[in-house]
Amino acid sequence: MIDRGYYGGFGGAFLPEILVTTFDELVDYFNDVKNDPVFWREYEEVMSSYSCRPTPITYAENLTNHFNGPKIYIKREDLNHTGAHKANNVMGQGLLVKRMKKSRVIAETGAGQHGVATATMAAKFGFDCTIYMGEVDVERQRPNVFWMEQLGAEVIPVKEGTRILKDAINEAFRDWVTNMDTTHYVLGTACGPHPFPEMVSYFQSIIGKEAREQILKTEGKLPKRIYACVGGGSNAMGIFSGFFNDRDVELVGVEAGGKGLDSKMHAVRLSSEDASVGVAQGYKTFFLQNKDGQMRETHSVAAGLDYVGVSPILSDLKEKGRVRFEAATDREVIEALSLTIKKEGVIPALESSHAFARAFKEAPQMSKQDMILINQSGRGDKDIFTIADAVSDPKWKEFITKKAEKYNA
């Protein structure tokens, strides 16, 4: 399937000459660990003893009754250590960094979960750590910034460009170019130059492996549909990978519809005709870009979904018709989040809530004999400021005002 990191017409490794040797080294190390069963056993042991795997699937009985349709199950990646699926990737790359004998890791982050996970991994393995984060995201994800710094990471706000995820990625690559000998870039999603799309998907595949076994053990059959949010694509690749060969299982990726497609304030790459194929940040995929190839601004209520590109693997799966892509607006996402909290006592991250929103839209048209599985890629603790603002909670506003008055006194 892979030819020099290509998936159909997408992927590749478009690199400045100075980085070629570093990437060749990374490809060699990754190929070695892929073919080493001892490495995967070591990885599973770390994820089991340190990160609470396997994460369970939860039967959402109240939501099932509410929609009077298919049985709804939730894959609980929010119960993974650091609160999201991101730990799967960073712990795997951390073990790889140990083999490469490098002493420093860098990462980009949008929602902050990847940053927290990378800082956690660095603390466990004893690496120096620097996290690049767009200034806009630093402001709206302050709780995660706090924990990154407490874990010993240096968090650098990126003030260039649109000051969100794509700009953080650019800064991380600039750092890597000047520190290649000692530093590994822990890219957080299934994007970027080869081998990152494959490598991140490889470590995230633990989600799909577990989910397939769990649903078969619980129900004795596979779900009709699986829903996952799609920013860069790592959590979607993780859960979808367990079901690629099950052609009767429909895979649904849900992108950030933002304020609606007509507003242009969104991050929809694969579920509309708004994006086009281009090359940026070292790989070829669908990007939101203008006719001159300049990247457009994006928007989402979820900081982790406003990326301008998308995994080249998912672009190929769209072209092949294996994954269906849809979009959920900010409003639909907040409504789905509120319903999930009230009905199940489960608090999905705003990113994950995109998958819930689409599942809830389609559930009423499905049969009671059907079953669906939603990937809850993270928990909503990190989003408390954004959620409280979106629902206009008066008590929260009062609390924040009093805190500000106290610190300004």
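The values are calculated or read from the model by the stated rules, or taken from the named source; none is laboratory data. Keep in mind the model is a prediction, meaning the values are calculated, not measured. Quick reminder, even Gly has a Cβ in these numbers, built from the backbone with ideal geometry, and neighbours come from all protein chains shown.
State whether the residues of region 109-118 include one that is assigned to a loop (DSSP other than H, G, I, E, B), of a type in the set (G, A, S) and free of Cβ contacts under 8 Å to residues at least 40 places away in the same chain.
Filtering region 109-118 for residues assigned to a loop (DSSP other than H, G, I, E, B) gives 110-112.
Retained after the next criterion (residues that are of a type in the set (G, A, S)): 110-112.
Filter once more, keeping what is free of Cβ contacts under 8 Å to residues at least 40 places away in the same chain: none.
No, because not a single residue in region 109-118 is assigned to a loop (DSSP other than H, G, I, E, B), of a type in the set (G, A, S) and free of Cβ contacts under 8 Å to residues at least 40 places away in the same chain.
With the structure loaded, tell me whether M295 is over 30 Å from P70 (Cα atoms) and in contact (Cβ under 8 Å) with a residue 60 or more places away in the chain or whether it fails that test. Don't jump to the end; show me each part of the working.
Values: over 30 Å from P70 (Cα atoms): yes; in contact (Cβ under 8 Å) with a residue 60 or more places away in the chain: yes.
Yes; evaluated as a whole, the condition is true for this residue.
Looking at region 174-210 only, could you name the residues that are among the aromatic types (F, W, Y) and surrounded by fewer than 21 Cβ atoms within 10 Å (Cβ to Cβ)? Spell out the reasoning first.
Step one: list which residues in region 174-210 are among the aromatic types (F, W, Y), which gives 176, 185, 196, 202-203.
Listed by number, the list holds a single entry, W176.
Tally time: how many residues in region 119-154 are outside any loop (DSSP other than H, G, I, E, B), of a type in the set (F, W, Y) and either within 16 Å of N89 (Cβ to Cβ) or outside the structural domain of A168 (by TED's automatic domain parsing) (or both)?
Kept after step one, since they are outside any loop (DSSP other than H, G, I, E, B), are these residues of region 119-154: 119-125, 128-140, 142-150, 154.
This time we only want the ones that are of a type in the set (F, W, Y), so: 125, 132, 146-147.
Those still in the list that are either within 16 Å of N89 (Cβ to Cβ) or outside the structural domain of A168 (by TED's automatic domain parsing) (or both) too: 125.
Adding up the residues that qualify gives 1.
State all residues of region 233-258 that are farther than 20 Å from F203 by Cβ, surrounded by 23 or more Cβ atoms within 10 Å (Cβ to Cβ) and among the β-branched types (V, I, T); if no residue qualifies, say none.
Residue satisfying the conditions is V254 alone.
Please pick out the residue among G208, G161 that is modelled with pLDDT of 95 or more and among the small types (G, A, S). Break it down stepwise before answering.
On the way: G161 fails: modelled with pLDDT of 95 or more.
Just a single option satisfies the conditions, and that option is G208.
List the pairs whose first member sits in region 365-387 and is in the same structural domain as G220 (by TED's automatic domain parsing) and surrounded by fewer than 24 Cβ atoms within 10 Å (Cβ to Cβ), whose second member is at pLDDT 95 or above and among the acidic types (D, E), and whose Cβ atoms are under 6 Å apart, counting only residues at least 6 apart or on separate chains?
Every condition considered, the pairs that remain are R379/D78.
Out of (1) of a type in the set (A, V, I, L, M, F, W, C); (2) part of a helix (DSSP H, G or I); (3) touching a Gly at 6+ places or on another chain (Cβ under 8 Å), what's the single condition that is false for I400?
Status for I400: all satisfied but (3).
Which of the residues that make up region 7-20 are touching a residue at least 40 places away in the same chain (Cβ under 8 Å) and either surrounded by fewer than 20 Cβ atoms within 10 Å (Cβ to Cβ) or basic (K, R) (or both)? First the steps, then the outcome.
First, the residues of region 7-20 that are touching a residue at least 40 places away in the same chain (Cβ under 8 Å): 7-16, 18-19.
Within region 7-20, G8, G9, F14, L15, P16, I18, L19 qualify.
Can you pull out every residue in region 1-46 that is β-branched (V, I, T) and more than 24 Å from the chain's Cα centre (by Cα)? Quick ask: steps written out before the conclusion?
So in region 1-46, the residues β-branched (V, I, T) come out as 2, 18, 20-22, 27, 33, 38, 46.
Answer for region 1-46, where residues must be β-branched (V, I, T) and more than 24 Å from the chain's Cα centre (by Cα): I18, V20, T21, T22, V38.
I'd like to check which helices (runs of 4 or more DSSP H) are fully inside region 1-79 and have at least 3 residues that are within 25 Å of Q93 (Cα to Cα). Give the steps one after another, and end with the answer.
Values: elements: 17-34, 37-51, 61-67.
Answer list for region 1-79: 17-34, 37-51.
In a strand (DSSP E or B) and either within 18 Å of the chain's Cα centre (by Cα) or touching a residue at least 40 places away in the same chain (Cβ under 8 Å) (or both): does that describe H184? Reasoning before the result, please.
Working: in a strand (DSSP E or B): yes; either within 18 Å of the chain's Cα centre (by Cα) or touching a residue at least 40 places away in the same chain (Cβ under 8 Å) (or both): yes.
Spelling it out, H184 is indeed in a strand (DSSP E or B) and either within 18 Å of the chain's Cα centre (by Cα) or touching a residue at least 40 places away in the same chain (Cβ under 8 Å) (or both).
Please determine whether any residue of region 125-139 is closer than 21 Å to G233 by Cβ, of a type in the set (S, T, N, Q) and under 20 Å from the mean Cα position of the chain (by Cα). Lay out the reasoning, then the answer.
The first filter runs over region 125-139 and keeps only residues closer than 21 Å to G233 by Cβ, leaving 131-134, 137.
Now drop any that are not of a type in the set (S, T, N, Q), which leaves none.
No, region 125-139 contains no residue that is closer than 21 Å to G233 by Cβ, of a type in the set (S, T, N, Q) and under 20 Å from the mean Cα position of the chain (by Cα).
Would you mind finding the one in G115, G94 that is touching a strand residue (DSSP E or B) at 6+ places or on another chain (Cβ under 9 Å) and within 14 Å of V145 (Cβ to Cβ)? Talk me through it step by step, then tell me what you get.
Working: G94 fails: within 14 Å of V145 (Cβ to Cβ).
Selected residue: G115, the only one of G115, G94 that is touching a strand residue (DSSP E or B) at 6+ places or on another chain (Cβ under 9 Å) and within 14 Å of V145 (Cβ to Cβ).
Looking at (1) in contact with a Gly (Cβ under 9 Å, 6 or more places away or on another chain); (2) of a type in the set (A, V, I, L, M); (3) over 18 Å from R140 (Cβ atoms), which is the only condition A359 fails?
Result: A359 fails condition (1) only.
Would it be correct to say that S272 is closer than 18 Å to R358 by Cα and either surrounded by fewer than 21 Cβ atoms within 10 Å (Cβ to Cβ) or under 17 Å from the mean Cα position of the chain (by Cα) (or both)?
Working: closer than 18 Å to R358 by Cα: yes; either surrounded by fewer than 21 Cβ atoms within 10 Å (Cβ to Cβ) or under 17 Å from the mean Cα position of the chain (by Cα) (or both): yes.
Answer is yes for this residue.
Given the structure, is A328 of a type in the set (A, V, I, L, M, F, W, C), assigned by TED's automatic domain parsing to the domain that holds S353, out of contact with any Ser or Thr (no Cβ under 6 Å at 6 or more places or on another chain) and modelled with pLDDT under 95?
On the way: of a type in the set (A, V, I, L, M, F, W, C): yes; assigned by TED's automatic domain parsing to the domain that holds S353: yes; out of contact with any Ser or Thr (no Cβ under 6 Å at 6 or more places or on another chain): yes; modelled with pLDDT under 95: no.
Against the criterion (of a type in the set (A, V, I, L, M, F, W, C), assigned by TED's automatic domain parsing to the domain that holds S353, out of contact with any Ser or Thr (no Cβ under 6 Å at 6 or more places or on another chain) and modelled with pLDDT under 95), A328 does not qualify.
Out of all the residues in region 290-317, which are farther than 24 Å from A336 by Cβ, outside any helix (DSSP H, G or I) and acidic (D, E)?
Within region 290-317, D292, E297 qualify.
In the list R163, R142, which residue meets the criterion of being under 19 Å from the mean Cα position of the chain (by Cα) and on the phi > 0 side of the Ramachandran plot?
On the way: R142 fails: on the phi > 0 side of the Ramachandran plot.
Result: R163 is the single residue among R163, R142 that is under 19 Å from the mean Cα position of the chain (by Cα) and on the phi > 0 side of the Ramachandran plot.
Can you find a residue that is over 30 Å from P54 (Cα atoms), among the aliphatic types (A, V, I, L, M), assigned by TED's automatic domain parsing to the domain that holds L373 and out of contact with any strand residue (DSSP E or B) (no Cβ under 8 Å at 6 or more places or on another chain) anywhere in region 305-321?
no
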